[in-house]
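A.B. asks: Questions regarding the structure given below will be posed in turn.
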Amino acid sequence: MQLRLLSLLTLVTLTMPAATLQKSDFGKTPDGAAVAIYTLKNSKGMEAKIITWGGAIVSLKTPDRTGAMGDIVLGYDTLADYVAGKSYFGALIGRYGNRIAKGKFTLEGKSYSVPVNNGDNALHGGIRGFDKRVWTARELPGGDLELTYKSKDGEEGYPGNLTATVTYTLTDDNRLRIHYVAVTDKPTVLNLTNHSYFNLKGAGEGDILGELVMLNADQFLPVDAGLIPTGELRLVDGTPFDFRHARTPGERIAQTDEQLKLGKGYDHNWLLNRPDMNPGMLSLAARVEEPGVTGRVMEIYTDQPGIQFYTGNFLDGTDKGKGGKIYNQHAGFCFETQHYPDSPNQPKFPSTELKPGQKYDTITEWRFSAK
């Protein structure tokens, strides 16, 4: 019975209409490297645009309750803005998403230092992380887009020659799947994620404080003044961090709470309630609903142990986005599925070490609908 069910599921997958994939030029970097933009589109009209600079999702059009498509991710109009940008709009993050305390860690008895670029700490891979690299693209059968980046031993201080491959798949039932795979020739640490900012009303259409957020987590990680986890696993009960039932961020973001003050809002990692921790087994991490004009719903499924929920606290109106729209504070929020921040220095956290012979293999899906 199990084999028959598998065969039926395989048949459904094989016969599902494929997304279309089109390539165009998106310009050249200051050092002359060509950057392409790929458009994935399904039969329902949902569309994702991805550039080879940082693997960034520069546009994501999903339907509202009337069926009208709208772009729900923050971003820029030009490559020059992405090259100069500091907000990681839509980008793939590596080698290490989130923060490493003091830019230092020890791995198998050897000490490493990586660039400090966020106060006293390392953030999102360093001065020139994976978000500031040109990825090599390959068009796969069925309309999938595969991006590969080879990070050399010692790049940004991280050990090992690492090959990372990320595949974007757009399904006919309005799911965007991100599949991350990596291998290394030396022990290293790795924490890949995507840094898209979402606004389900539409990019540049005000703030996200009134959107309903559910996080499937009983615990979160308190942080210090540098936003490094203290090591405590704190229950969300009785705190502004309880999103187990849908709440708007705006309801409590201004409360007098030490953790909210440290993050200037929500910028914390939640420990996901997972029925198991097996790679490839996806479970619901978060759900967002725009209850107003659009009725858009986004669900995030992942096999990762944590999710960083960030409410765009450091957006300050200096970023001019697509169509000339200004991105003020809380113009979008991020749901970065990942391992915990500073895991290389916190032995009680799940390990982020990747060894030769092992394969880093993780999937996150964004599922879209409207009500």
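The values are calculated or read from the model by the stated rules, or taken from the named source; none is laboratory data. Keep in mind the model is a prediction, meaning the values are calculated, not measured. Virtual Cβ from ideal backbone geometry, glycine too; neighbours counted across all protein chains shown.
A.B. asks: If you go through region 172-189 one residue at a time, how many are polar (S, T, N, Q) and surrounded by 21 or more Cβ atoms within 10 Å (Cβ to Cβ)? I'd like the intermediate steps shown before the answer.
C.D. replies: Restricting attention to region 172-189, the residues satisfying the condition of being polar (S, T, N, Q) are 174, 184, 188.
Subset that is surrounded by 21 or more Cβ atoms within 10 Å (Cβ to Cβ): 184, 188.
Qualifying residue count for the region: 2.
A.B. asks: Any idea which residue in region 254-276 is farthest from Asp224 (Cα to Cα), counting only those that are of a type in the set (A, V, I, L, M, F, W, C) and free of Cβ contacts under 8 Å to residues at least 60 places away in the same chain? Don't jump to the end; show me each part of the working.
C.D. replies: Taking region 254-276 first, the residues of a type in the set (A, V, I, L, M, F, W, C) are 254, 260, 262, 270-272.
Remaining after also requiring free of Cβ contacts under 8 Å to residues at least 60 places away in the same chain: 254, 260, 262, 270, 272.
Working: Ala254: 19, Leu260: 11, Leu262: 7, Trp270: 15, Leu272: 21 Å.
By that ranking, first place goes to Leu272.
A.B. asks: Let me ask something else about it. Conditions: (1) crowded, with 22+ Cβ neighbours inside 10 Å; (2) within 14 Å of Asp207 (Cα to Cα). Gly292 meets all but one. Number of the miss?
C.D. replies: That leaves (1) as the condition not met.
A.B. asks: For residues that are in contact with a Leu (Cβ under 7 Å, 6 or more places away or on another chain) and under 14 Å from Gly75 (Cα atoms), tally how many sit in region 331-354.
C.D. replies: Looking only at that region, the number is 2.
A.B. asks: Moving to a separate point now. Scan region 194-208 and give yes if some residue there is small (Gly, Ala, Ser) and in contact with a helix residue (DSSP H, G or I) (Cβ under 7 Å, 6 or more places away or on another chain), otherwise no.
C.D. replies: yes
Matching residues to (1) more than 19 Å from the chain's Cα centre (by Cα); (2) in a loop (DSSP other than H, G, I, E, B); (3) modelled with pLDDT of 95 or more; (4) crowded, with 16+ Cβ neighbours inside 10 Å:
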| residue | (1), (2), (3), (4) |
| --- | --- |
| Gly226 | yes, yes, yes, no |
| Gly231 | yes, yes, yes, no |
| Asp242 | yes, yes, yes, yes |
| Trp270 | no, no, yes, yes |
| Asn278 | yes, yes, no, no |
| Val288 | no, no, yes, yes |
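A.B. asks: For Gly27, all conditions in the list (1) touching a residue at least 60 places away in the same chain (Cβ under 8 Å); (2) in contact with a strand residue (DSSP E or B) (Cβ under 8 Å, 6 or more places away or on another chain); (3) at positive phi; (4) not basic (Lys, Arg) hold save one; what is the number of the exception?
C.D. replies: Among (1) touching a residue at least 60 places away in the same chain (Cβ under 8 Å); (2) in contact with a strand residue (DSSP E or B) (Cβ under 8 Å, 6 or more places away or on another chain); (3) at positive phi; (4) not basic (Lys, Arg), Gly27 violates only (1).
A.B. asks: Could you please find all residues in region 138-158 being touching a Leu at 6+ places or on another chain (Cβ under 7 Å), surrounded by 16 or more Cβ atoms within 10 Å (Cβ to Cβ) and either closer than 13 Å to Gly94 by Cα or of a type in the set (Asp, Glu) (or both)? Lay out the reasoning, then the answer.
C.D. replies: So the first thing to find is which residues in region 138-158 are touching a Leu at 6+ places or on another chain (Cβ under 7 Å), and the list is 139, 143, 145-146, 151.
Okay, now just the ones that are also surrounded by 16 or more Cβ atoms within 10 Å (Cβ to Cβ), so 143, 145-146, 151.
Passing the criteria: Glu146, Ser151.
A.B. asks: Here is a further query. Could you say whether any residue in region 300-316 is among the hydroxyl-bearing types (Ser, Thr, Tyr), closer than 24 Å to Thr163 by Cβ and surrounded by fewer than 17 Cβ atoms within 10 Å (Cβ to Cβ)?
C.D. replies: Looking only at region 300-316, we keep the residues that are among the hydroxyl-bearing types (Ser, Thr, Tyr), and these are 301-302, 310-311.
Within this subset, residues satisfying the condition of being closer than 24 Å to Thr163 by Cβ are 302.
Subsequent filtering for residues that are surrounded by fewer than 17 Cβ atoms within 10 Å (Cβ to Cβ) retains none.
So far as region 300-316 goes, no, none of its residues is among the hydroxyl-bearing types (Ser, Thr, Tyr), closer than 24 Å to Thr163 by Cβ and surrounded by fewer than 17 Cβ atoms within 10 Å (Cβ to Cβ).
A.B. asks: Before we move on, is Lys86 without any contact (Cβ under 8 Å) to a residue 40 or more places away in the chain, buried (at least 18 other Cβ atoms within 10 Å of the Cβ), at negative phi and of a type outside the set (Phe, Trp, Tyr)? Reasoning before the result, please.
C.D. replies: Details: without any contact (Cβ under 8 Å) to a residue 40 or more places away in the chain: yes; buried (at least 18 other Cβ atoms within 10 Å of the Cβ): no; at negative phi: yes; of a type outside the set (Phe, Trp, Tyr): yes.
No; evaluated as a whole, the condition is false for this residue.
A.B. asks: Another question, if that's okay. For region 187-224: of the residues being within 30 Å of Lys152 (Cβ to Cβ) and β-branched (Val, Ile, Thr), which is farthest from the chain's Cα centre (by Cα)?
C.D. replies: Residues of region 187-224 that are within 30 Å of Lys152 (Cβ to Cβ), as a first pass: 187-197.
Still in the list and also β-branched (Val, Ile, Thr): 188-189, 193.
Details: Thr188: 21, Val189: 18, Thr193: 4 Å.
Once the filter is applied, the top-ranked residue is Thr188.
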